[in-house]
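Take a look at the structure set out below.
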Amino acid sequence: MKLALLPLLVTAGLSVSTLSIAETSTFQLCNISGCHANAGGSQTVSSSYAKTKYPLVFANGAAGFSSIGEFNYWYGIPQNLTTNGGNVFITHEASLDSSENRGEQLLDQVQQILAITGDSKVNLIGHSHGSQSIRYVAGVIPDQVASVTGVAGPNLGSPVADNIYTLLKTPVLGRIVSTVVSTAMDSFFTLINVSAGQYYSQDTQASLYALTSTGAAEFNKKFPQGIPTTKCGQGAAMVNGIRYYSWSGTGKLTNPLNPATPLLTATGLLISEPSDGLVPKCSSHLGMVIRDNYFQNHLDEVNQVAGLVSPFEVSPVTLYRQHANRLKVAGL
């Protein structure tokens, strides 16, 4: 009897020992030179809620960066995902460049991630102009992408970009202003990128054009996957074996303590339909639309600035964690 119970006692003992040893996970920052663990990125894993089959790969939007010190574009999101078992990679593309160039930069990093992990596919998540980046990669290497998730992606362009582009194309004065602004923006974001350890050239004018309705339409002809065929409709939920998802917000002045809210409130005046201050909700639609009217502005959607989002809406961090679980349940 005692001998018969021994295996059970040993097994129970091993289980207790296993549980007593905290598992840790680390999200990584990537560029075209490879990936590395972020300082302070190691997290104690408390659950497997966000443990997807394939890595979660994030792509930043226009004027974005991966991380400066311990302050990253996706404020608090990768840490929360890794705590819940996610395998997270934060990529970085040029802050300002064309959709195609940024897509190629992301493609290089995805190939690095696949080599590092040994996985056959990745789950791509892109915010703002990062939506075009992930769509580009999915179009080029569909067999290596499990899912594409656009968060407030300007898939049909942004009226804000349309207005600025038109203004900068006016004769004489517009061209002078365009040259001065482009040079200043290129220099500034080159400095930001270098501070983040990235060395991409910047192209403000190419970035701006990509975000116009005309530029977006040209891109959609090359990469139509997941784009709705009806006005403000939903796109195909699966194309080439890839699941397509999206969500966005329609808030602007969501937290008076957030220094970005006055600007997004002002830019929102240039958009006649509900928007997050930069991207109309219908423009954000891609594949299965999870929701398009969260009370979040364009920066709230990535938990910026520094988590100062609306206290009356679900946390952006929660949305990403729930989505990781959605991917997990879908076998992705």
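Where a number appears in this text, it was derived from the coordinates with a stated rule and is not lab data. Owing to the predicted nature of the structure, the values given are computational and were not obtained by experimental measurement. In this analysis, Cβ positions are derived from the backbone assuming ideal geometry, glycine residues included, and neighbour counts consider all displayed protein chains.
Observations on the structure shown:
- Pairwise inverse Cα distances across the range 228-275, averaged and inverted, put the Kirkwood hydrodynamic radius at 13.4 Å.
- Sorted on the mean count of surrounding Cβ atoms within 10 Å across their residues, most packed first, peptides 108-120, 80-92 read 80-92, 108-120.
- Above-threshold pairs, the threshold being 18 Å between Cα atoms, out of K53/K328; K51/K281; K221/K281; K51/K328; K281/K328; K121/K281: K51/K281; K221/K281; K281/K328; K121/K281
- Highest-first packing order for the peptide set 161-167, 122-128, 53-59, 32-38 is 122-128, 53-59, 161-167, 32-38, based on the mean count of other beta carbon atoms within 10 Å.
- Radius 14 Å from Cβ of I227, net charge of other residues (Lys, Arg +1; Asp, Glu -1): +3
- Whole-number D in µm²/s for the range 195-329 (Stokes-Einstein; Kirkwood sum over Cα pairs; 10 °C, 1.306 mPa s): 97 µm²/s
- Using the average count of surrounding beta-carbon atoms within 10 Å as a protection proxy, the listed peptides 309-322, 200-213 rank, highest first, as 200-213, 309-322.
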